[in-house]
1. Would you tell me the accessible area of residue 32, worked out with a 1.4 angstrom probe on the heavy atoms of the protein chains, in Å² to the nearest 10?
2. Consider all pairwise Cα distances in the chain and report the whole-number % of them above 33 Å.
3. Can you figure out the FRET efficiency of residue 161 with residue 323, using R₀ = 30 Å and their beta-carbon distance, to the nearest 0.05?
4. Would you grab the residues whose amide H sits under 5 Å from the one on residue 16? Only those 5+ places off in sequence or on another chain, please, with H modelled 1.01 Å from N.
5. Suppose a student asked you for the relative contact order of the range 138-315, using Cα pairs under 8 Å spaced at least 6 residues apart; what percent would you report?
6. Report the residues of the range 15-41 in range of a label on residue 333: point 7 Å along Cα→C-beta, backbone N strictly under 18 Å from it.
7. Given 25 °C and 0.890 mPa s, compute D for the range 268-308 with the Stokes-Einstein relation, Rh being the Kirkwood radius over Cα pairs; round to the nearest whole µm²/s.
8. Relative to the Cα centre, what is the charge dipole magnitude of the range 192-347, using +1 at the beta carbon of each Lys and Arg, -1 at the beta carbon of each Asp and Glu, and rounding to the nearest 20 debye?
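The values are calculated or read from the model by the stated rules, or taken from the named source; none is laboratory data. Predicted, not measured: the structure shown is a model, and the values here were computed from it. Cβ placement follows ideal geometry from the backbone for every residue including glycine, while neighbour counts extend to all protein chains displayed. Accessible surface areas use protein heavy atoms only, side chains included; no ligands, DNA or RNA. Shrake-Rupley method; radii C 1.70, N 1.55, O 1.52, S 1.80 Å.
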Amino acid sequence: MLHDFLARDFEQLVVCRDPGTGLESVIAVHDTTLGPALGGVRMRRYDDPEAAVRDAMNLAQAMTYKSAVAGLDLGGGKSVINAPADSASRDELLAAHGRFIGSLGGRYIPGADMGTGAADMDLLARYVPRVSSRRDPSRFTARGVLRALDAAVAWSGVGSRRVAVQGLGKVGTHLVELLRARGTEVVVTDLDPARVRRAIDAYGVEAVPVDEILSTDADVVCPCAAGGVLTEAAIDRLKARVVIPGANNVLAADADADLLVARGIVFVPDFVANAGGVIACEAEVKGTDEGINAKIDAIGTTTTAILEEASRRGTDVVTVATMLAERRLRERRSQRPYWQNAKSTIA
Ligand code: NAD
């Protein structure tokens, strides 16, 4: 794990334990070149503590790239609470985690993520200088996903008559609403049958079983549930020609980006397509929504530029989007005074 931490240029990894409450958590600060590291607090059970560290690190790194590509003055971080199955008090765990975040003095700004919500951020705000997502960012995320979808469809010339949405949580439901409002045929699924029923009643969508959504007959697929769903087998079975993720880290392995290229499937990296949420969080932290829609709508322009560049270079879009993010980080580092930037000055 330490090797991974060093090899991937992480700034800080905090492994936290509070025997009083039973808290076990991890805070990963990947990079603060562009600003404080903003990212959600994920609360779930990990049977293997190393898996919790890996998850925090992967998600934190994606946040750095997400904010960099979206042009925000934010770095990338994430934290995870390994929630015990028999937790005595959820609030006590959160408060203990909040005290650890507070000890970082504002380098990491927490937000809501899987297993946490706006009310939890109110609680964390007692312990940390700044929190985000006290306002639910999901509708902004869905707006950005739609902009990425429109740009990818226009660029590829593929239709978007029928769109499949995996997951009817906060993002998936907002996306379904936007798609149905423009008359798109939508096919959905969710692990929770009640959510599927509500979507059928509210939006007149079609539903398929959970294990069929990624291979269903559709022009576009939007994974809006868990990460890691685009496995080699799932990519083999995709019928859609365009994949636009609302969820984070949807590729099961980095090499899967090449498989998508090989199958001629147009893919927009998650950290580009779902940046609407972090754009909304930045606005919240800054205390103004001025320019928020323009920033979210720019996800469309960025999508086109990345697809264009990937096609020109004959490479995959994740490589191109990562290069774009790293270029912005390099530029910012080169503008910093030398004492803040040891790497560039000590030869
Ligand atoms: P959520 O918890 O509200 O909803 C997730 C939904 O997916 C739930 O309804 C759940 O039952 C369903 N689900 C889980 N596994 C499934 C599966 N295998 N098949 C079908 N359905 C499944 O979460 P959310 O806020 O809507 O976020 C969805 C994803 O988008 C997450 O990966 C999250 O990290 C990512 N994301 C969210 C935001 C945001 O603004 N909320 C921003 C960026 C990224």
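1. Its accessible surface works out to 40 Å², give or take rounding.
2. Values: 15737 of 60031 pairs.
Pairs farther apart than 33 Å: 26 percent.
3. Calculated transfer efficiency: 0.35.
4. Amide H to amide H, under 5 Å and 5 or more residues apart or across chains, residue 16 pairs with 25, 26, 27.
5. Working: 336 pairs, mean separation 48.5, N = 178.
Here the relative contact order equals 27 percent.
6. Zone members listed by number: 29-37.
7. D, rounded to a whole number, is 231 µm²/s.
8. Once rounded to the nearest 20, the dipole reads 740 debye.
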